[in-house]
Amino acid sequence: AQKVTQAQTEISVVEKEDVTLDCVYETRDTTYYLFWYKQPPSGELVFLIRRNSFDEQNEISGRYSWNFQKSTSSFNFTITASQVVDSAVYFCALSEGVNAGKSTFGDGTTLTVKP
Amino acid sequence: DTAVSQTPKYLVTQMGNDKSIKCEQNLGHDTMYWYKQDSKKFLKIMFSYNNKELIINETVPNRFSPKSPDKAHLNLHINSLELGDSAVYFCASSQVRPLFDRERNEQFFGPGTRLTVL
């Protein structure tokens, strides 16, 4: 069975601080996919990244970076120099299928960035 | 132009009714999805569908059914609505890429439909 744990329910930081959102997953499959999504206060959902289990390269996109460690079953997300606009709920998800059709989501981490 | 659109934005209805939520994407994607977000903000995928495969989350009651008249549309039909169906429903689409393709396989989401069952 799949499981995704986002142990941090809420995080609060001050603008310009770096913050890491943790995601730990469980799966018996050797082929799987990991996702991060953002949901700002306005309520829309925004896809951030997909990573497959064979690709442990870390990824950087602007102030966002992702650290995938199969040895610890973790796919952590770091925001560098956080901004108020980063305030949102962030969801990590795990999927057996390439098209996210069998995804399991974590409960989400609410990030508040204060000015 | 809106990439993924959903109608209606709000839906209030009585228990026991049958309702539909429509979703359309103009991105030419081959796969569409329905997600449910409950009152506690927990997110769950309900279905993914392309012209080859329908994947159903086994926790979804069979009162829920996706219907795809064509590649650009995936509508959600709900029969015999229950109080617990109250939630926000999101539609999404993506162009599914092979395992080793490092393209982002980005999913685009609709604005959501807030369903309230009284």
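Annotations
- In this simple spin-label model, placing a label point 7 Å from the Cα along the Cα-to-Cβ direction at both A:Ser12 and B:Lys71 gives a separation of 5.0 nm.
- In the context of the full set of protein chains, the stretch B:1-99 has a per residue accessible area of 52 Å² (1.4 Å probe).
- Our summary of shape: the Cα atoms of the protein assembly as shown have principal axis extents of 48, 40, 37 Å, ordered from largest down, in whole angstrom.
- Proximal charge balance of A:Ala88 [Cβ under 11 Å; K/R count +1, D/E count -1]: -1
- Count Lys and Arg as plus one, Asp and Glu as minus one, and take only other residues whose Cβ is under 11 Å from that of A:Arg28; the net charge is then -2.
- Sparse-neighbour loop sites [chymotrypsin sites (Phe, Trp or Tyr not before Pro); the stretch B:1-103; at most 11 other C-beta within 10 Å; DSSP]: B:Phe100
- Inter-part distance where the stretch A:12-84 and the stretch B:30-82 are each reduced to a Cα centre, Å: 25 Å
- With both labels modelled 7 Å from their Cα along Cα-to-Cβ, the A:Phe54 to A:Thr80 distance reads 3.0 nm.
- Atom-type composition of the exposed protein surface of chain A places 48 percent of the accessible area on carbon and sulfur (1.4 angstrom probe).
- Residues in the stretch A:29-67 occluded by at least 50 Å² - accessible area, probe radius 1.4 Å, against chain by itself: A:Leu45, A:Phe47, A:Arg50
The values are calculated or read from the model by the stated rules, or taken from the named source; none is laboratory data. Just so it is clear, the structure is predicted and the values come from calculations on it, not from any experiment. Because the Cβ atoms are built from the backbone with ideal geometry, glycine has one as well, and the counts that use them run over all protein chains shown. All accessible areas refer to the heavy atoms of the entire protein, side chains included, with ligands and DNA or RNA removed. Shrake-Rupley method; radii C 1.70, N 1.55, O 1.52, S 1.80 Å.
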